[in-house]
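As structure tokens, the structure follows; a few thoughts come after it.
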Amino acid sequence: MAAQAKAKFQASMIPLIAIMTALTTVLTMLVKLPTPTRGYLNLSDAIIFFSAYAFGPWVGGVIGGLGPALSDLLSGYPQWAAFTFVIDGLQAVLVGLIVRKFRPADMIVGSVIAGVWKVLGYLIAGGILSGWGPALGEVLGNTGQMVVGLVIAYALFAAVRKAYPPLVRMGNLGVKPAVAIPEDKAEASADTGNGATTGAKTGSDAAEQTETSGSGHPTGSVN
């Protein structure tokens, strides 16, 4: 039964991943500021951070990696797609793994650490694609993009959380899963309880029969 529940959960997440990936792609494409390494600055960090907060490291990593990479392909930057998938995907995974409490300090520190990885990752990718001079010139812009994305993502997550509190549990932000009795054990317990009840009823019925027989026995003797 646990395997079935896990399969249902995974199946239910597929539409969510598809929708969030499409949203990430569109938001990344809406704002494109060209950079010296023939790349562009965008708002992808906002949705990457939000996805990691809301859905945890692995779902957030898929959304964060696929969305911006598809944007690169659709926007005419195919040389960046593979780098983007790895860099942005790991950014979301890092946020999801580090941020485990819905507290401003935890979320900011975890997001900044992941953001530093992203700036470093794009520095390396830019150096490979266009040379280290242009890549170094993008560090400040990528840092600003990360900061803006963090502010937007935190504000958006806080607002959505007020409207839908279970969002925190989806990202496991400080909410421990309840210890549930496995269904097969629960059924066994229920059967045991039913058996005890049945046994009690059987005992009661036997007692009633004994009382009935006892009350009828003198009549038999008289006859």
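The set of residues in the range 61-76 that are buried (at least 20 other Cβ atoms within 10 Å of the Cβ) and free of Cβ contacts under 8 Å to residues at least 40 places away in the same chain comprises GLY61, GLY65, ALA69, ASP72. The set of residues in the range 126-175 that are farther than 14 Å from MET107 by Cβ, surrounded by fewer than 14 Cβ atoms within 10 Å (Cβ to Cβ) and under 15 Å from the mean Cα position of the chain (by Cα) comprises TYR164, PRO165, PRO166, ARG169. When PHE55, PHE102, PHE49 are checked against the criterion of being of a type in the set (Phe, Trp, Tyr), open to solvent by less than 10 Å² (accessible area, probe 1.4 Å) and within 23 Å of LEU167 (Cα to Cα), a single residue qualifies: PHE49. Determine whether ALA81 is under 22 Å from LEU173 (Cα atoms), small (Gly, Ala, Ser) and in a helix (DSSP H, G or I). Against the criterion (under 22 Å from LEU173 (Cα atoms), small (Gly, Ala, Ser) and in a helix (DSSP H, G or I)), ALA81 does not qualify. The single residue among LEU94, LEU123 that is crowded, with 16+ Cβ neighbours inside 10 Å, out of contact with any strand residue (DSSP E or B) (no Cβ under 6 Å at 6 or more places or on another chain), modelled with pLDDT of 95 or more and under 16 Å from SER44 (Cβ atoms) turns out to be LEU94. Within the range 32-41, can one find any residue that is crowded, with 19+ Cβ neighbours inside 10 Å and among the basic types (Lys, Arg)? Within the range 32-41, not a single residue is crowded, with 19+ Cβ neighbours inside 10 Å and among the basic types (Lys, Arg).
The values are calculated or read from the model by the stated rules, or taken from the named source; none is laboratory data. No experiment lies behind these values; they were computed from the predicted model shown. Virtual Cβ from ideal backbone geometry, glycine too; neighbours counted across all protein chains shown. Only protein heavy atoms, including side chains, enter the accessible area calculation; ligands, DNA and RNA are left aside. Shrake-Rupley method; radii C 1.70, N 1.55, O 1.52, S 1.80 Å.
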